[in-house]
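Data first, discussion second: the structure below is written as structure tokens.
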Amino acid sequence: MTLPFVPALLLQLKLWELLPTQPIPIVVMALLVLLSVLSWAVIFSKYSTLRQANTANRQFLRAFRKANGLEQVALASEQFSASPLVAVFSFGYEEVSRQRKTRGRLTNPVALERSLQLGISEEVAKLERNMSWLATAATVSPFIGLFGTVWGIIDAFQALGLAGATSMRAVAPGISHALVATAMGLAAAIPAAVFYNHFGHLLKELSARMEDFSLEFLNLAERDLEG
């Protein structure tokens, strides 16, 4: 079948006839559409954010490892504002500068480690923002769809009882309308669940990268102050 026949095929299927006309099924469909739209908005936004973060991290790490001191890194960091590592570096650099001004050298490594951990926690919280939408959509959408299906089946059997008919032809249209809600619920939940797990894996990698960077920062700070 060639592409020109696709619109004709869709017209033959008449998918719009499966859409509900009762108030409660309409509300169920609207909720599922809303959850799906929100999920895809979060997916595209989070994909772009994490991709930019990974690219900026690699570029910043190259500049950091080539630098001769913290001041040189601080100047170069302005070019990589999308990197979470830059924010962690800023927390550590502020603490190093504070200790330098008061005592002339790094006298409290524990305070520096705590500052770096605060930076990591703040960046992880930023990266995890809106992830709860995906978890909610993945968890709730199938149940909303199931509710719509159950409601539609109940309505179909009530209509069957009032009509007094017992044939499958009489009940099939109502059941097919009801099953659309389940299909829409799964269509909203599956992408949300897949990308929630995928982004969770990427966030764990970014968190581990920041933990490793904090050790590199401590090493550079000690060398810089000793030199």
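Quick rundown of the values:
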{"read-out": "When residues of region 28-61 are limited to those that are surrounded by fewer than 18 Cβ atoms within 10 Å (Cβ to Cβ) and charged (D, E, K, R), the one nearest to L75 (Cα to Cα)", "value": "R58"}
{"read-out": "Among (1) small (G, A, S); (2) in contact with a helix residue (DSSP H, G or I) (Cβ under 8 Å, 6 or more places away or on another chain); (3) farther than 17 Å from L70 by Cα - the single one S132 does not satisfy", "value": "(2)"}
{"read-out": "Failed item, numbered, when W16 is tested on (1) exposed (fewer than 13 other Cβ atoms within 10 Å of the Cβ); (2) of a type in the set (F, W, Y); (3) at pLDDT 80 or above", "value": "(3)"}
{"read-out": "Region 65-92, residues that are of a type outside the set (A, V, I, L, M, F, W, C) and modelled with pLDDT of 90 or more", "value": "S83, P84, S90, G92"}
{"read-out": "Tally, over region 99-113, of residues that are at pLDDT 80 or above and either within 14 Å of L218 (Cβ to Cβ) or not basic (K, R) (or both)", "value": "6"}
{"read-out": "So T102, is it out of contact with any His (no Cβ under 9 Å at 6 or more places or on another chain) and assigned to a helix (DSSP H, G or I)", "value": "yes"}
{"read-out": "Among residues of region 177-219, those that are within 27 Å of T49 (Cβ to Cβ) and in contact (Cβ under 8 Å) with a residue 60 or more places away in the chain, counted", "value": "19"}
{"read-out": "Selection from region 61-75 of residues that are closer than 19 Å to E95 by Cβ and in a helix (DSSP H, G or I)", "value": "F64, L70, E71, Q72, V73, A74, L75"}
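The values are calculated or read from the model by the stated rules, or taken from the named source; none is laboratory data. From a predicted model like this one, the values you see are computed outputs, not experimental measurements. All Cβ positions, glycine included, derive from the backbone under ideal geometry; neighbour counts span all protein chains shown.
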